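For reference, the structure is listed below as structure tokens.
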Amino acid sequence: MLLITFKAIIGTQIVYSLAGDVRAIHLARLDQLLNQAIARDMSVCFDMAAVLSLDAGAFRFFTEGPGRVAAVEAPPQALDSGRNDVASRERDGG
């Protein structure tokens, strides 16, 4: 189960807290939150301090999919490494 809670608005950034297990079934809601923010010229930050796990679909969402445009706070180690790897490949043109 995933709990998504509004945390704060900081300037032009909306912060949501995620708690629990992030699964592919939750990605439509996360994508909706991103799209609503973008439509209002705002960005999104997901506070992941209370995330217990991510399945493969959620991992791809945050590293290669729509979720990569979001800032993440306190991401799980694997997600942090995955986002850095993707950013490195993009910088290197690969």
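Laboratory data are not the source of any read-out in this text; all were calculated from the coordinates shown. Bear in mind that the values here come from a model prediction, so they are computed numbers and not experimental data. Backbone-built Cβ (ideal geometry, glycine too); neighbour counts: all protein chains shown.
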(Q) Return the residues of the stretch 53-73 that are exposed (fewer than 13 other Cβ atoms within 10 Å of the Cβ) and in contact with a strand residue (DSSP E or B) (Cβ under 8 Å, 6 or more places away or on another chain); say none if nothing qualifies. (A) Ser53, Val69, Ala71
Q: Find the residue count for the stretch 53-94, including only residues that are in contact (Cβ under 8 Å) with a residue 12 or more places away in the chain, charged (D, E, K, R) and under 25 Å from Ala8 (Cβ atoms).
A: 3
Q. Condition test on Ala50, is it in contact (Cβ under 8 Å) with a residue 24 or more places away in the chain, surrounded by fewer than 19 Cβ atoms within 10 Å (Cβ to Cβ) and in contact with a Phe, Trp or Tyr (Cβ under 8 Å, 6 or more places away or on another chain)?
A. no
Q) If we scan the stretch 45-56, do we find a residue that is in contact with a Cys (Cβ under 7 Å, 6 or more places away or on another chain), assigned to a strand (DSSP E or B) and of a type outside the set (Ser, Thr, Tyr)? A) no
Q) Counting only residues that are surrounded by 14 or more Cβ atoms within 10 Å (Cβ to Cβ), more than 11 Å from the chain's Cα centre (by Cα) and in a strand (DSSP E or B), how many does the stretch 1-31 have? A) 8
Q: Name the single residue, out of those in the stretch 39-94 being of a type in the set (A, V, I, L, M) and more than 19 Å from Leu2 (Cβ to Cβ), that is nearest to the chain's Cα centre (by Cα).
A: Val69
